[in-house]
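A short write-up of the structure that comes next.
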There are 2 protein chains.
Amino acid sequence: MGGLTVYGALHQHLPRERFVYLGDTARVPYGTKSLSTVERYAVENARFLEARGIKLLVVACNTVSALALPAIRKALKIDVMGVIEPGARAAVQASHESSNKRIGVIATESTVQSGAYTKEISRIGPEALVIERACPLFVPLAEEGWAETDVASAVAQIYLDDFGSHNIQTLVLGCTHYPILKRVIRQTIGEQVRLIDSGEAAAGEIKSLLESRGLARAARQAGAHEHHLCDDQDNFYVTDAADRFARVAERFLGSKLAHLEAVEI
Amino acid sequence: MGGLTVYGALHQHLPRERFVYLGDTARVPYGTKSLSTVERYAVENARFLEARGIKLLVVACNTVSALALPAIRKALKIDVMGVIEPGARAAVQASHESSNKRIGVIATESTVQSGAYTKEISRIGPEALVIERACPLFVPLAEEGWAETDVASAVAQIYLDDFGSHNIQTLVLGCTHYPILKRVIRQTIGEQVRLIDSGEAAAGEIKSLLESRGLARAARQAGAHEHHLCDDQDNFYVTDAADRFARVAERFLGSKLAHLEAVEI
């Protein structure tokens, strides 16, 4: 459940697996909501997907991963994987390969307020210095399809300005919308900074997890297209406004969704 | 229930009245939601306020007014007033005083898709030509406090560009967040265009309605401050994240809220 960029990364890393995706479009964005509300909505969403017979739940949203992972794990019987821990691990690893241990994190207001990235990065790499910054306009910019405009550059300049003076070498894209803005972020912050896509990092770890537990799927059914960005056998559910979601999804994934259904949660 | 700019206008036009305000912060923004979801949420919110003993409900949100007014009126026993009809009426009146009958409307995606302004303006002034345009980035810009930045100017340029070539003389600010951006909108579209604030228009009509029905309040209780932008005797409810709301409210109204409470709906 969550961001489509994570679905894209999962589909690419795990072409044999089938996915059931849920986007809670009726109640997004979560990035400005409180802990108790995010927990309540996230558990409802998680139960919806568990009831569809999934073997693993990927919480493909940084805000929900930051705020509601314990509540979801308590409510579900299956494995639950978030994006914060993999993102933090990838960032610490990248910082080990760079000239300093300064790690920047950009995310929604709620994720930054939770301090989840700082906690997780400090746990994995206590020598790291973490600087977090909320970038509320990045989500609407990505959804509007303005990633490649001068407006996106101007907004990125304002949000990323401080990171330059702190001389950070690693920057975590701590919201699943932000990879859409990767080009402008890279251009603004400079080529020398390593960008960490928490969804990509999670996809890599999920692959290992499935293999180590013997949960990985052995083969594809006939008719599956492994090389598309989006799969004909995958199911997409949204809680509202399926038309708008289909438009945004096509922009994000570069192809149309075969099975998209609106449900009430 | 809805936008704080409308509360500000109501408080100014009706200094003797007391207000009970509800902001559904857990589930905003409504501007990208579907008809059935907006109806469901709006009726829940309306019932919450009716249960607090109000004499009139102001639907201070263009999206809810555009989509859910019939559903709310059916569910409630008291008078219900939206912002679309007053906004449309004020726009037609302004267009009568201008050199042409072209009226522009800027609003959320859902309001534009509903066609509510075009329908209402055409009913009141059949000779008017209405051009509607969704401006999804205006709401996050206003909430981020970036109304006076170059980014706001650049975004306004893109959204308002078409209106220039259509030579419109009247522009409806069809979202209660947009008055926050009035200065940059005026600068971009030009001084010759009359800007219609639907919340202001509604406040004027509500004053007349209360007086004509004998519902207007005669006097204030002791201790009330009539000249503040926000009143000590008014009650504010939000469905989530009261801290964030208090910050945004102070930015919008220029003063702190005395009574703010988070409730679950």
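The values are calculated or read from the model by the stated rules, or taken from the named source; none is laboratory data. Owing to the predicted nature of the structure, the values given are computational and were not obtained by experimental measurement. A quick note on method: Cβ atoms are made from the backbone with ideal geometry, for glycine too, and the neighbour counts reach across all protein chains shown.
Here is how the numbers come out for the structure above:
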item	result
Scan of the stretch A:12-42 for residues that are in a helix (DSSP H, G or I), surrounded by fewer than 21 Cβ atoms within 10 Å (Cβ to Cβ) and touching a residue at least 40 places away in the same chain (Cβ under 8 Å), ordered by number	A:12, A:13, A:35
Enumeration of residues in the stretch A:43-63 that are surrounded by fewer than 16 Cβ atoms within 10 Å (Cβ to Cβ) and outside any strand (DSSP E or B)	A:44, A:47, A:51, A:52, A:53, A:55
Candidate set: the stretch A:207-265, residues that are assigned to a helix (DSSP H, G or I) and of a type in the set (Phe, Trp, Tyr); chosen: the one modelled with the highest pLDDT	A:245
Residue check for residue A:21: at pLDDT 95 or above and more than 13 Å from chain B (Cβ to nearest Cβ)	yes
Criterion (aliphatic (A, V, I, L, M), outside any strand (DSSP E or B), touching a residue at least 60 places away in the same chain (Cβ under 8 Å) and in contact with a Ser or Thr (Cβ under 8 Å, 6 or more places away or on another chain)) met by exactly one of B:66, B:90	B:90
Failed condition for residue A:79, given (1) touching a residue at least 40 places away in the same chain (Cβ under 8 Å); (2) within 14 Å of another protein chain (Cβ to nearest Cβ); (3) of a type outside the set (A, V, I, L, M)	(2)
Top-ranked residue of the stretch A:96-113 - restricted to ones that are within 16 Å of the chain's Cα centre (by Cα) and part of a strand (DSSP E or B), ranked as surrounded by the most Cβ atoms within 10 Å (Cβ to Cβ)	A:105
Answer residue from the stretch A:24-49, given it is within 18 Å of the chain's Cα centre (by Cα) and among the β-branched types (Val, Ile, Thr) and is farthest from the other protein chains (Cβ to nearest Cβ) among those	A:43
Any hit, the stretch B:168-175, residues being among the polar types (S, T, N, Q) and either surrounded by 18 or more Cβ atoms within 10 Å (Cβ to Cβ) or under 25 Å from residue B:9 (Cα atoms) (or both)	yes
Scope the stretch A:155-180; condition farther than 18 Å from residue A:94 by Cα and either part of a loop (DSSP other than H, G, I, E, B) or more than 14 Å from every other protein chain (Cβ to nearest Cβ) (or both); matching residues	A:162, A:165, A:175, A:176, A:177, A:178, A:180
Test: residue in the stretch A:114-137 that is more than 22 Å from residue A:182 (Cα to Cα), in a helix (DSSP H, G or I), touching a residue at least 12 places away in the same chain (Cβ under 8 Å) and within 14 Å of chain B (Cβ to nearest Cβ)	yes
Test: residue in the stretch B:4-26 that is farther than 24 Å from residue B:255 by Cβ and not aliphatic (A, V, I, L, M)	no
The stretch A:35-70, residues that are over 23 Å from residue A:172 (Cβ atoms) and among the small types (Gly, Ala, Ser)	A:36, A:46, A:51, A:53
Among (1) of a type in the set (Gly, Ala, Ser); (2) touching a residue at least 60 places away in the same chain (Cβ under 8 Å); (3) in a loop (DSSP other than H, G, I, E, B) - the single one residue A:147 does not satisfy	(2)
Count - residues of the stretch B:64-95 that are more than 20 Å from residue B:9 (Cβ to Cβ), surrounded by 24 or more Cβ atoms within 10 Å (Cβ to Cβ) and in the same structural domain as residue B:214 (by TED's automatic domain parsing)	2
